[in-house]
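A short write-up of the structure that comes next.
Just so it is clear, none of the values below were taken in a lab; they were calculated from the coordinates. Note that the structure is a prediction, hence the values are computed from the model and not measured. As a convention, Cβ positions derive from the backbone with ideal geometry for all residues, glycine included, and neighbour counts pool all protein chains shown.
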Amino acid sequence: MDCIKLMTTAAAKIQANDLPFIEKTRIALSFLRSKGVLPIRRASINGDLHIKYSAMLVEAFEQGTTVDIPTRRQADLYQRGLTTKIIHWFDSSVEHDVLVPMNGASYAKGSLHLGSLFKKLMN
């Protein structure tokens, strides 16, 4: 499913105070920070963006779907409401086996499956 739709759905669940979802998002955020996918520096400034990214991955897990990146152009993603750092976070997720590309690329492109360690953590 499109990453932007996943992020929108996840943000709605957080706004609705879905406590089990919020707890999973916190676990995912801690995991992503420990793996080095999301930086700890400037967390007070970008913390809400990190939470949205983590929530998007949790939403993909709960729906049992892939995370699809429609384009790698930062300008296009920014126009659709995402941060310009999201491609870096996707690439870092692929590098750390949090996300696995269907096409076998070494960077984030197209459909991305959740990695096995992330799935174990969410169960």
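If you stretched the chain out fully between residue 45 and residue 97, how much longer would it get, using 0.36 nm times the residue separation minus the C-alpha to C-alpha distance?
Answer, rounded to one decimal: 16.1 nm.
Based only on other Cβ atoms within 10 Å, what is the fewest-to-most ordering of 7, 102?
By the 10 Å Cβ count, ascending, the order reads 102, 7.
Sort 9, 84, 66 so the one with the fewest other Cβ atoms within 10 Å of its own Cβ comes first.
With the sparsest Cβ surroundings first, the list reads 84, 9, 66.
By average Cβ neighbour count within 10 Å, what is the ranking of 52-59, 88-95 from highest down?
52-59, 88-95
For segment 1-85, what D do you get in µm² per second when you plug the Kirkwood radius from alpha-carbon pairs into Stokes-Einstein at 37 °C and 0.692 mPa s?
249
Can you tell me the alpha carbon radius of gyration of segment 1-45 divided by the globular rule-of-thumb value 2.2 N^0.38 Å?
Its radius of gyration relative to the 2.2 N^0.38 Å reference: 1.28.
Among 6, 82, 121, which comes first, then next, by fewest other beta-carbon atoms within 10 Å?
Going from least to most buried by this count: 121, 82, 6.
For n ≥ 4 DSSP H runs only, could you compute -39500 (n - 2.57) per run for the chain, divide by its residues and tell me the 222 nm figure to the nearest 500?
It comes out at -19000 deg cm²/dmol, rounded to the nearest 500.
For residue 117 and residue 80, compute 0.36 nm times the residue count separating them, minus their Cα-Cα distance, and round to one decimal in nm.
10.3 nm
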